[in-house]
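Visitor: This is the structure I have questions about; it appears just below.
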Amino acid sequence: VYRNLDGFVYLMEVIDLIISDCRPPRPLAQQEQALVCLVLRVLASLAASNDRDNLTPDEEAHYLRLVSLVHDLLLMPPSLDRRPLLESCLEVLLTVPLIAFEELTTPLEGTVDVACRFEDKNLSAVNSLVEFLRHCLREVTHELPPTELTPSAASSASSVGACLAVLTEASISQRSVRCFLRSLILPKHPHLPAASSSSTTSAAAAAGAETSTPKMTNSLLSDLCRLISGGGLEGVGGASASGSCGSSSGLARQAGQLLFVLCKENAAKVVRHTGLTQFPALVHSLQIPCHPTSPTATASGGSLDAYSSDSSEEEILDPEVSVAACCSQSLTIPPAGWVDLCHRHGVPCLGTFIAEWDSGLEAMRQLLSNEKDAIGWADRLIDLADAGGFDGWLINVEVALPAELVPALQAFVRAPQIQ
């Protein structure tokens, strides 16, 4: 059936017809949801039998369409019991190649909740998975009232494992997903960790330090840290040394891998964001993969696929700072892959702005015509650095400026430092 793709196409058509019948948006009826879940499980079984790292163009196209259908299902209005649908969607997403995750994001069109936006992308479908993860984590960590603890904690643990695996692969594949999840999960001020290990918390309490607020304690990051450090898993079935999906060690590894990916595989950054001082050791003990990418994947928009390298990356990086240089250009923006590589090893990455020769002098005269314009140009450089994900600029002025332009030059150089 799968070799000729006919059965695969037919099953996707069944889901497409059901989705079309639900427009204008309405919740799936109980029978419709049951049929969709059954078809999704069959599709997942068919897809799992294929080598997703060695696909033909036709097979890739079918995977892309399959994920686009999952995207539409994730955005369906919620029914009374949506869990089976979400679990079936996750089952499918666990079988797709990395390239297919681009279908979980769509261009911004119409009215979109600001919480589901990133740059020009609508990430509502990804946000649905995050909310499901948040709900299941509360069940696993026994933070829901007893009346809400259905189904069992073991089933919820399995859903947590599937969510973590899917979100990790989507983050590896899509820069927009990685940045969106980072904004949801990681604190904006990494020097103020949102969670810590039990030993760190005890030490803070012993010293009379202020403990975390209830809101912070219940945060998604806090729950993930509890999984990694082994807390909140009492009573969860299936815990075993093998670390299978749904076991305590398996969930710890998957939670750690997600945070590791969101921090661009930099254990020191994970420590700064979480306060889990034992995380570098956990990377080894939990066997968190450092290169969880497809061997055939290519770098796209700063994705983690850019980490793949046959050379010794540490040997080609200055331990202090890396600067993008190109003598034929006045403005050089470092490539996304190079930015990722630098950040992976904790090295700041700078773009370059250079003014030289007669053309450079003329450009500086225009740029520094007054201090207000100079600061405006500096703001544009900051915007470029933010969009490219790098850390700032090396400003190299190699022309003899008239004395009257020096105050504007000082304002131009000072503005990025202030921001």
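Every number in this text was worked out from the coordinates using simple rules, so none of it is lab data. Bear in mind the structure is a predicted one, so any value in this text is a computation, not a measurement. Counting neighbours? That spans all protein chains shown, and the Cβs are built from the backbone with ideal geometry, glycine included.
Visitor: Quick one: which residues, 5+ away or cross-chain, put their amide H under 5 Å from the amide H of L394? H built at 1.01 Å from N.
Guide: Counting only residues 5 or more places away or on other chains, the set is G351, T352, F353.
Visitor: Quick one: 3J(HN,Hα) in Hz for the stretch 109-117, Karplus 6.51/-1.76/1.60 with θ = phi - 60°, rounded, Gly and Pro as x.
Guide: Coupling constants for the stretch 109-117: 9, x, 8, 10, 3, 4, 6, 10, 9 Hz.
Visitor: Tabulate in residue order the Karplus-calculated ³J(HN,Hα) for the stretch 363-378, using 6.51 cos²θ - 1.76 cosθ + 1.60 with θ = phi - 60°, rounded to whole Hz; enter x for Gly and Pro.
Guide: 5, 5, 4, 6, 5, 9, 4, 7, 5, 4, 5, 4, 5, x, 5, 4
Visitor: Ok, one more. Out of residues 5 or more away from F118 or on other chains, whose amide H comes under 5 Å of its own, with H placed 1.01 Å from N in the peptide plane?
Guide: Distant-sequence amide H within range of F118: L123.
Visitor: Near C116, within a Cβ-to-Cβ distance under 14 Å, what is the net charge of the other residues, with Lys and Arg +1 and Asp and Glu -1?
Guide: Values: positive: R117, K121; negative: E109, D113, E119, D120, E131.
Surrounding charge for C116 is -3.
Visitor: Just add up the charged neighbours of F132: K/R +1, D/E -1, any other residue whose Cβ is under 14 Å from the Cβ of F132.
Guide: Values: positive: R82, R83, R134, R138; negative: D81, E87, E91, E131, E139, D223.
Summing Lys/Arg as +1 and Asp/Glu as -1 gives -2.
Visitor: Same structure, new question: What's the local net charge at S159, with K and R +1, D and E -1, over the other residues with C-beta under 13 Å away? List each step's numbers first, then the result.
Guide: Numbers: positive: R82, R83, R134, R138; negative: E87, E91, E131, E139.
Net local charge, S159 excluded: 0.
Visitor: Okay, next question. Using θ = phi - 60° and the Karplus curve 6.51 cos²θ - 1.76 cosθ + 1.60, what whole-Hz ³J(HN,Hα) does each residue of the stretch 67-75 get, with Gly and Pro shown as x?
Guide: Each residue of the stretch 67-75 in turn: 5, 5, 5, 4, 4, 5, 5, 5, 9 Hz.
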